[in-house]
Amino acid sequence: DAKTTQPNSMESNEEEPVHLPCNHSTISGTDYIHWYRQLPSQGPEYVIHGLTSNVNNRMASLAIAEDRKSSTLILHRATLRDAAVYYCILRDVNYGGSQGNLIFGKGTKLSVKP
Amino acid sequence: DTEVTQTPKHLVMGMTNKKSLKCEQHMGHRAMYWYKQKAKKPPELMFVYSYEKLSINESVPSRFSPECPNSSLLNLHLHALQPEDSALYLCASSRSGLPLQPQHFGDGTRLSIL
């Protein structure tokens, strides 16, 4: 899996939007961009994934640059419950035929202030 | 509430003990995973089971022995562990192991080796 680069930490205020960046300059054409988050004392949780187009779901939005070398996870209104480590992970759909490992990087620790 | 259940939540054992960690899911998923997470580090993949067969072993020492008795259950048998094996052990499942499918994680077993 190709590597990703994320800031170590970010801060936001409650009820404000949060933009979490991820750089992946060596992304291949078959790499999907996945985001997971890990709340304190919990296992990781799937957030969203995409290939080229921007994606929305009930948790977040994913904005993908036109050249696909970077992406941004957008939380539209941060709550205290969104304080977590956010991981940006590339997964190659061609990896191993039927297995595609999740390779976690260091992630971004998001703090949310009331 | 997580749909992947791990027991026990905490385990303290001596280096000569034998114990087992248990993971259960009833979502009909056919791929299951064990990860190890040291404090303040990202999760690292240990084993992957696909359709009850071990498909990936990430060079894990033989003192860790996985077992998948059926499609809903995944065990990790522990024997003669070292203090450096103290960590959070996470179980996850996905529908079939294809890279696009999200993985669902349990909240882990926190293991301490005396």
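In chain B, taking the dipole from charged Cβ atoms about the Cα centre, the farthest positive-side position among B:Ala39, B:Cys23, B:Leu98 is held by B:Ala39. Taking the Cα atoms of region B:32-71, the ratio Rg/Rh between the radius of gyration and the Kirkwood radius comes to 1.00. Put a dot 7 Å past the Cα of B:Glu3, heading toward its Cβ, do the same for A:Lys3, and the two dots end up 3.5 nm apart.
In nm, what is the difference between 0.36 nm times the number of residues separating A:Asp67 and A:Glu16 and their Cα-Cα distance?
Details: separation 51, 0.36 × 51 = 18.36 nm, distance 2.80 nm.
Full-extension gain reported as 15.6 nm.
Pairing chain B with chain A buries about 1700 Å² of accessible area. This figure sums both sides and uses a 1.4 Å probe.
Counting Lys and Arg as +1 and Asp and Glu as -1 over every other residue whose Cβ lies under 15 Å from the Cβ of A:Met59, the net charge comes to +2. Say the dipole of region A:9-88 comes from +1 at the beta carbon of Lys and Arg and -1 at that of Asp and Glu; which of A:Tyr87, A:Ser28, A:Ser12 then lies farthest toward its positive end? Farthest along the dipole direction, towards plus: A:Ser28. Nonpolar atom fraction for the protein assembly as shown, defined as the carbon and sulfur part of the 1.4 Å probe accessible area, stands at 49 percent.
Counting charges near B:Glu58 (Lys, Arg +1; Asp, Glu -1) among other residues having Cβ under 11 Å from its Cβ returns a value of 0. The Cβ shell under 11 Å around B:Met27 holds other residues with a net charge of 0, Lys and Arg each +1, Asp and Glu each -1. Dipole magnitude for chain A: computed about the Cα centre from +1 point charges on Lys and Arg Cβ and -1 point charges on Asp and Glu Cβ, it is near 160 debye. Site pair B:Val12 and B:Ser86 shows an inter-label distance of 1.0 nm when each label is modelled 7 Å from Cα along Cα→Cβ. Normalised by 2.2 N^0.38 Å, where N is the number of residues, the alpha-carbon radius of gyration of the protein assembly as shown equals 1.03. The dipole here belongs to chain B: it is taken about the Cα centre, uses +1 on the Cβ of Lys and Arg and -1 on the Cβ of Asp and Glu, and is about 200 debye.
If you count only protein heavy atoms with a 1.4 Å probe, what accessible area per residue comes out for region B:6-114, rounded to a whole Å²? Please report the intermediate quantities before stating the final value.
Details: 5220 Å² over 109 residues.
Per-residue accessible area for region B:6-114 comes out at 48 Å².
Normalised by the number of residues in chain B, the average gap of Cα pairs under 8 Å and 6 or more apart makes the relative contact order 38 percent.
Dipole size of the protein assembly as shown about its Cα centre, with +1 on Lys/Arg Cβ and -1 on Asp/Glu Cβ: approximately 440 debye, rounded to the nearest 20.
The values are calculated or read from the model by the stated rules, or taken from the named source; none is laboratory data. Only a predicted model underlies this, so the values are computations on that prediction, with no experimental measurement involved. When we count neighbours, we look across all protein chains shown, and the Cβ atoms used for this are built from the backbone with ideal geometry, even at glycine. Areas reflect the complete protein model, heavy atoms only, side chains present, ligands, DNA and RNA absent. Shrake-Rupley method; radii C 1.70, N 1.55, O 1.52, S 1.80 Å.
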